[in-house]
Each structure stands twice: as C-alpha cells, then as structure tokens.
1. Which of the helices (runs of 4 or more DSSP H) contained wholly in the stretch 79-185 include at least 3 residues that are under 24 Å from the mean Cα position of the chain (by Cα) and within 21 Å of ILE199 (Cβ to Cβ)?
2. Kindly evaluate LEU237 against the criterion of being in contact with a strand residue (DSSP E or B) (Cβ under 7 Å, 6 or more places away or on another chain) and in the same structural domain as ALA123 (by TED's automatic domain parsing).
3. Identify the residue in the stretch 282-312 that is loosely packed, with under 14 Cβ neighbours inside 10 Å and within 40 Å of the chain's Cα centre (by Cα) and, among all such residues, is farthest from TRP245 (Cα to Cα).
4. Considering the stretch 120-165 alone, what residues qualify as being surrounded by 15 or more Cβ atoms within 10 Å (Cβ to Cβ), under 16 Å from ASP182 (Cα atoms) and among the polar types (S, T, N, Q)?
5. Name the residues in the stretch 242-281 that are exposed (fewer than 12 other Cβ atoms within 10 Å of the Cβ) and modelled with pLDDT of 85 or more, would you?
6. Kindly indicate the residue of the stretch 36-64 that is of a type in the set (A, V, I, L, M) and without any contact (Cβ under 8 Å) to a residue 12 or more places away in the chain and also surrounded by the most Cβ atoms within 10 Å (Cβ to Cβ) among those meeting that condition.
7. Regarding LEU67, is this residue surrounded by fewer than 13 Cβ atoms within 10 Å (Cβ to Cβ), modelled with pLDDT under 85, more than 20 Å from ASN217 (Cα to Cα) and of a type in the set (A, V, I, L, M)?
8. List, please: which pairs have Cβ atoms under 8 Å, are six or more places apart or on different chains, and start with a residue in the stretch 100-112 that is in contact (Cβ under 8 Å) with a residue 12 or more places away in the chain and end with one that is acidic (Asp, Glu)?
Amino acid sequence: MSDSEIPLTSEDMAAYQAIAEGRTPPDGYPIDRLVALRLADPDPYASGGYITHDPRAAAQGLIAHLLSDLRSFSLRLAQLPALEDLSQHYDPHRLYGGPGSEYLATAAQMNARLGEVGGAAEAEFCSVQPGEPADRDPEILRLGVERTRAALQRGVQVRSLYHRSAHEHTQTREYIDQMTADGAEVRVSTLPGPRMVIIDQRHLFIDNHVIKDAEHNSGWHVFDRAAVMWARAVFDLLWNNATRWHDLCQSLGASPLTHRQWRILRELDAGYPAQQVGPRIGLSRRAVDKELAAIREALGVCTMYQVMAWYGRTQRDESA
C-alpha cells in the first residue's frame, strides 16, 4: 500500500459500489487500486469478475500499516539526540566550529564566560577599553591582575589598549603599572573604537548591539572564525596607531602641563566648548577658566588658538 492509493477518490467509491451490487466497475477504471487497499479481489468463480471485502477490515489493515510506519518513524526520531551529540567530535576539526555566537545577558555571565575562556588562553589575550576610566571595585581589579599575571606566566602574550585619559585616573594608572611590571604590553589612544576582548584568535567578546532594552553590561561571546579574525584586524589597526604606555609616561613627565590641564585640552580638541568641559570632568566653569589661564602662562602664549596649535603639534609628534 502506498500513499498514492489514498485517499479514496469518487471513482474509487463508484467502482466499489458497482462491484458490491454485482455489477462491473466502470470501463477504464484501474481496479488495482481497490485490490491494493484490500477492498476487492478477483472473483475465483467468475472469470473477469470481482468481489468486495468488508471495508472495516480494510480500515483495520490500514491502521495496522500506519502504526507500523509510526513506530519506524519514532525509532528514527529517537536517533536525533545521538546524532546531535556527534557534533562534539566534528566541530573542533572544522574551520567554522558550530554556531557563531552566544548571548550573555548579564555582567555576571559575561565575566564568568570571559574568566573561563581567558583562564584557558594559550597564545594571546588582546583587549580594547576605549572609554574614559572610572573607579572600579578593588576586588575586581585584584582578580584582573591575578588573571593577567597567571596568563603571562603561562607564556600568553597580553596586549591591552586604553584611552589616553587612563594615565590621569589614579586607580587605572596603578592597575596598568602592575600589568606592565608583570610583562603585559599596554598602549593608549584617543581614537574611537569598540570595546572588545580577543583570545587566541578564536574567541571574541563584545558589547550587546542586538537585543533591545537588555542589561547595560550584557554582551556576546563570538566564535565564528571570520568574525573573530575581522575583529583581530581592527585591533591591529588600533594598536599600530596607539602610543606605548611607557612613552606616554615619559612625555607627560617632561610636560609643562598637569594631568588635569591635559584633560581639558583633550576635551576642547574633541569639540566641546569651554562651558561644557567643566561638567564633563567634574570642574566648575571658574576652575576651567583658571586652568586655561595657567596653561597659557605655562606655554608663554596669549590666546587659546596658540594653545591648541601647540597641542596639535604635540599630538602629531607623539603619533610619529
């Protein structure tokens, strides 16, 4: 019995009724359909004639056939989990291993996964922290130092890129000094860039830009090979255009300006007017004006145009 034999057509119904009433089926009707469904058979006592069978018996036979098919289907369906489990042996040996990413909905999940993957790093750990630094939980910083130190002791190359203002933030500056003392490489830049962590050129951690109204510190763990290597190329671009931490420390050590004054000039260079600089860095307008006057005096110039021209030259010199 095949699927093509059911459901019954109006011709099948008419043929069955004719045979049951002792008549012959309509000319040209394919009687094999009724025979296959066990609804009719050749009449052993009348050549060329047919007899009908109880349709209820035929229905029972069809049910038994379908139940057999269903059992076979269920057995095949039960094999799916086993087939899925085989992916653990396949994914590690293919170029694009498994699904491309996983969503980490909370900061705790992000930190846990980052700690898990970072703790198993074998070759390199690259990170970009483009925003201006802020005070952090000392315990988190301590854990960060310990993880970095452990990675360096395993022979992992650690490279971190920070915003230039990190040098003016005491907590961040001390944290970076500890990292570099242990052997990490650190550079700084004022160029914008995405926050990200790349581990062994196989794992990428980035901020969430997909799920709307998600927690602020949610993010994604990406392990699609093409996406990770593209991010790695972006990292190299930012890294090669950044200033080494040691060079920055030396230049600021010989600078005629204070850390606060440098920060004010960076805000002005970014396009913020003087009246907006104060609220951005936690100073009053009067304090900002006082610092600008001190800058002009320290540089021996009269106008802010001259100050910003000097600032531009120093930035070009550092980039070179």
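The values are calculated or read from the model by the stated rules, or taken from the named source; none is laboratory data. Predicted, not measured: the structure shown is a model, and the values here were computed from it. Because the Cβ atoms are built from the backbone with ideal geometry, glycine has one as well, and the counts that use them run over all protein chains shown.
1. On the way: elements: 80-85, 87-90, 107-119, 138-153, 170-182.
Output list reads 107-119, 138-153.
2. Details: in contact with a strand residue (DSSP E or B) (Cβ under 7 Å, 6 or more places away or on another chain): no; in the same structural domain as ALA123 (by TED's automatic domain parsing): yes.
In short, no.
3. GLY282
4. Scanning the stretch 120-165 gives THR148, SER160.
5. Correct list: ALA270, GLY271, PRO273, GLN275.
6. Taking the stretch 36-64 as the starting set, the residues that turn out to be of a type in the set (A, V, I, L, M) are 36-37, 39-40, 46, 51, 57-59, 62-64.
Now narrow it down to the ones that are without any contact (Cβ under 8 Å) to a residue 12 or more places away in the chain: 46, 59, 63-64.
Working: ALA46: 9, ALA59: 13, ILE63: 10, ALA64: 10.
Applying the filter and picking the extreme gives ALA59.
7. On the way: surrounded by fewer than 13 Cβ atoms within 10 Å (Cβ to Cβ): yes; modelled with pLDDT under 85: no; more than 20 Å from ASN217 (Cα to Cα): yes; of a type in the set (A, V, I, L, M): yes.
Taking the combined requirement at face value, the residue does not satisfy it.
8. GLY100/ASP224; SER101/ASP224; ALA105/GLU215; THR106/GLU215; ALA107/GLU215
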